[in-house]
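The values are calculated or read from the model by the stated rules, or taken from the named source; none is laboratory data. Nothing here was measured: the structure is a model prediction, and the numbers come from that model. A quick note on method: Cβ atoms are made from the backbone with ideal geometry, for glycine too, and the neighbour counts reach across all protein chains shown. These accessible areas exclude ligands, DNA and RNA; they are computed on the full protein's heavy atoms, side chains included. Shrake-Rupley method; radii C 1.70, N 1.55, O 1.52, S 1.80 Å.
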Amino acid sequence: MNPESIYYLFEQGHKIKQEDYIWPIAGKATVNDKVFIVCDGAGSSYNGETASKLICQFMAAKVLKFGEQKMSGELIDELLIEARDRLITYAREYRLETDLATTFSMLILYDQKVFMAWYGDSRIYHLRGGEILFRTEDNSLVNEPLKNTAIARGIKADSSPIYAETKWIEDVQDGDYFLLCSKGIIENVTNDEIKLLVSQNDKANIDLTGSFKRLAFEKIPDNYSMYLIRVNVGTQNWGINNGIIAIRKQTNGNVVPFSILAMTIVGLLIMVIYFRNARISNPASIYRNQTTQPVNVLRDDSVPRAIVMSAPRKQQGDVLRDDSVPRAIVMSAPRKPILTVTDTVDNSAAIQTKEKPEQTNQTPIDQKKRVAQLLIKFTTDESCKLKITNIDLDEVIDWDLSQDDNGKIYLKPGKYSIVATSVIDGSKTKTYNFDVKSGDAHTTQNLHIKF
């Protein structure tokens with residue numbers, strides 16, 4: 001079974017911060033995805049965004065490790081408790097309020113049936129032919145006091161027990177819809193409106209996502225998020241959905257041969273134009289005018305001359321928070337800066353300090369000479385913490401790197417150690433030792449951290 005069409009909403013509404021979280025990440029879902037999750041966070045100081053993101057990412061990474069035969073309600077409870085314990089540890093480490101919480105709703109597509117799991121008031125629907133066949137109910141307020149219901153309605157950062165509800169749906173047909181949504185959708189889009197929109201979409205493609213958005217936005221100030229999946233139980237439909245309006249596969253038998261003929265003609269024309277230009281142009285001039293050299297892209301988590309170590313190097317110094325750099329080390333005596341860190345903007349001058357020009361016989365224009373640096377670009381599949389150490393100077397910079405970051409670091413010549421530790425699973429680390437030499441100046445290396 002595969003998604004035939006995927007619709008989603010991930011809207012902040014009128015609230016100051018987005019405390020919902022969805023998986024796959026908004027705009028990243030494909031017809032090959034099997035797991036869909038919607039979490040609705042809550043808590044003082046808007047810390048609900050931390051709870052919803054951590055629980056959602058943890059569960060998405062864990063459930064795929066277990067096959068259909070092992071999936072059960074008991075397994076979901078164990079995984080949610082493990083995720084909750086990591087949330088408690090995270091809240092203590094960063095001194096967050098302990099009243100943060102999140103709801104949880106998950107859908108897993110298997111070959112011929114569907115598995116649902118939910119905790120709290122986020123809801124899951126099963127629809128067919130414009131009718132609701134199944135709908136979940138809130139299960140987190142049982143034996144809870146009426147006060148603090150905003151916090152009691154989900155997984156809390158405390159030792160309270162977790163008993164998630166689960167259900168197997170074996171009667172699944174082509175064209176069935178499954179809707180996962182947060183409270184912002186539930187409280188403002190009625191069951192009749194949901195049935196009407198789905199029914200209209202079956203008759204003729206409508207702006208389904210836009211219709212849900214208008215109904216929710218006009219009524220509430222809350223965040224509102226959803227995943228609406230139309231499934232194909234038989235052979236996989238390779239239609240693509242842009243996240244707003246699903247594109248259905250054409251069934252007219254004459255369309256396919258005509259489209260193949262048209263694509264063949266276009267391809268032949270492109271080849272004729274390409275080879276004609278290649279005969280006329282002079283390739284030698286292209287290489288003579290080339291002023292830059294191609295960057296060698298690294299595979300996965302490799303670095304030139306990198307050595308994977310079994311344990312990270314012990315750092316020295318005290319940690320000091322700063323707004324411009326995630327973390328920095330206060331040393332006993334001032335030294336030359338070893339790193340320039342940016343997140344998404346290449347602005348290496350942002351935290352460099354000025355150095356006195358060396359006394360030479362050159363003119364004043366040549367007295368200030370820029371130190372050659374190596375640029376390393378970081379990406380990661382899993383949020384982690386980095387400790388970047390200049391071994392020669394015993395200087396360290398701590399840096400938090402998330403999945404959405406495209407971090408850049410400039411390194412001056414010297415010996416370095418980089419230790420990456422997973423935020424979700426602190427036992428997972430990666431360590432890299434390497435030298436930056438003068439010959440590496442003005443070059444770029446890509447480092448993808450994968451645990």
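Of everything listed in (1) open to solvent by 10 Å² or more (accessible area, probe 1.4 Å); (2) closer than 29 Å to residue 159 by Cβ; (3) modelled with pLDDT of 95 or more; (4) of a type outside the set (Ser, Thr, Tyr), the single unmet condition for residue 55 is (1). Every listed requirement among (1) at pLDDT 95 or above; (2) over 20 Å from the mean Cα position of the chain (by Cα); (3) within 17 Å of residue 160 (Cα to Cα) is met by residue 89 save one, (1).
Looking only at residues in the range 76-86 that are more than 20 Å from the chain's Cα centre (by Cα) and touching a residue at least 40 places away in the same chain (Cβ under 8 Å), the one that is surrounded by the fewest Cβ atoms within 10 Å (Cβ to Cβ) is 81. Cβ separations smaller than 6 Å between residues 6+ apart or across chains give the following pairs from the range 112-134 residues that are within 18 Å of residue 202 (Cβ to Cβ) to residues that are in a strand (DSSP E or B) and charged (D, E, K, R): 125/135. In the range 1-23, the qualifying residues are those that are of a type in the set (A, V, I, L, M, F, W, C) and farther than 19 Å from residue 123 by Cα, and the one that is farthest from the chain's Cα centre (by Cα) is 1. Scanning the range 184-222 for residues that are small (Gly, Ala, Ser), surrounded by 13 or more Cβ atoms within 10 Å (Cβ to Cβ) and either touching a strand residue (DSSP E or B) at 6+ places or on another chain (Cβ under 9 Å) or modelled with pLDDT under 90 (or both) gives 184, 199, 216.
Identify all residues within the range 393-405 that are open to solvent by 30 Å² or more (accessible area, probe 1.4 Å) and farther than 16 Å from residue 377 by Cα; write none if there are none. Matches in the range 393-405: 393, 394. Filtering the range 223-270 to residues that are on the phi > 0 side of the Ramachandran plot and modelled with pLDDT of 75 or more leaves nothing. Within the range 158-193, the set of residues being over 18 Å from residue 210 (Cβ atoms) and aromatic (Phe, Trp, Tyr) comprises 163, 168, 178. Count of the range 98-137 residues, restricted to those that are part of a strand (DSSP E or B) and either β-branched (Val, Ile, Thr) or open to solvent by less than 50 Å² (accessible area, probe 1.4 Å) (or both), is 21. In this structure, residue 91 qualifies as small (Gly, Ala, Ser), buried (at least 20 other Cβ atoms within 10 Å of the Cβ) and out of contact with any Gly (no Cβ under 7 Å at 6 or more places or on another chain). Of the strands (runs of 3 or more DSSP E) contained entirely in the range 1-82, those carrying at least 2 residues that are among the small types (Gly, Ala, Ser) fall at 35-42.
Can you go through 182, 225, 199 and tell me which one is more than 16 Å from residue 122 (Cβ to Cβ) and not aliphatic (A, V, I, L, M)? The match here is 199.
If you filter the range 441-451 down to residues that are within 18 Å of the chain's Cα centre (by Cα) and open to solvent by 40 Å² or more (accessible area, probe 1.4 Å), you find that the one that is nearest to residue 391 (Cα to Cα) is 448. Note on the range 23-37: residues that are under 18 Å from residue 49 (Cβ atoms) and touching a Phe, Trp or Tyr at 6+ places or on another chain (Cβ under 6 Å) total 2.
Per-residue answers, yes or no, for (1) open to solvent by 50 Å² or more (accessible area, probe 1.4 Å); (2) modelled with pLDDT of 85 or more:
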| residue | (1), (2) |
| --- | --- |
| 373 | no, no |
| 380 | no, yes |
| 391 | no, yes |
| 407 | no, no |
| 415 | yes, yes |
| 429 | yes, yes |
| 439 | yes, no |
